[in-house]
Amino acid sequence: MTLFRTYLALALAGAILPYVIFVPWLAAHGLAPGLFFAQLFATAPATIFAADVLFAALVFVIFALAEGRRLGMTRLWLYPLVTFTIGLCCALPLFLALRERRVAT
């Protein structure tokens, strides 16, 4: 159960951290998807990080759905939703926590 709680705490931190950065940007610029993506890919290093995280998110969703089905986990729609609305830093530890709980039962 310790690993479950650790992953759950990391999921909570992963839910808060992106919004600590995003909310001030949103307050300054409003809903501006064009500006957001322009800034996301503004430099080569930013593009490398963005591409890496987006690719990792896609791989994670495929893995979470396959592993979740294999283990008979429920609410598998949650992981793609959390991945693409909050972020991989929340979705991955959330999946690992719920997977840990499932494997322990």
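Read-outs throughout are calculated quantities, based only on the coordinates presented, and are distinct from any laboratory measurement. What you see is a predicted model, and the numbers here were worked out from it, not measured in a lab. Here the Cβ is made from the backbone with ideal geometry for all residues, glycine too, and neighbour counts use every protein chain on show.
Things to note:
- Gly30 within 15 Å of Arg99 (Cα to Cα) and of a type in the set (Gly, Ala, Ser): no
- Qualifying residue in the range 14-36 (condition: outside any helix (DSSP H, G or I) and of a type in the set (Val, Ile, Thr)): no
- Scanning the range 56-74 finds one or more residues that are touching a residue at least 24 places away in the same chain (Cβ under 8 Å), assigned to a loop (DSSP other than H, G, I, E, B) and loosely packed, with under 13 Cβ neighbours inside 10 Å.
- When the range 75-105 is filtered for residues that are among the aromatic types (Phe, Trp, Tyr), over 10 Å from the mean Cα position of the chain (by Cα) and in a helix (DSSP H, G or I), nothing remains.
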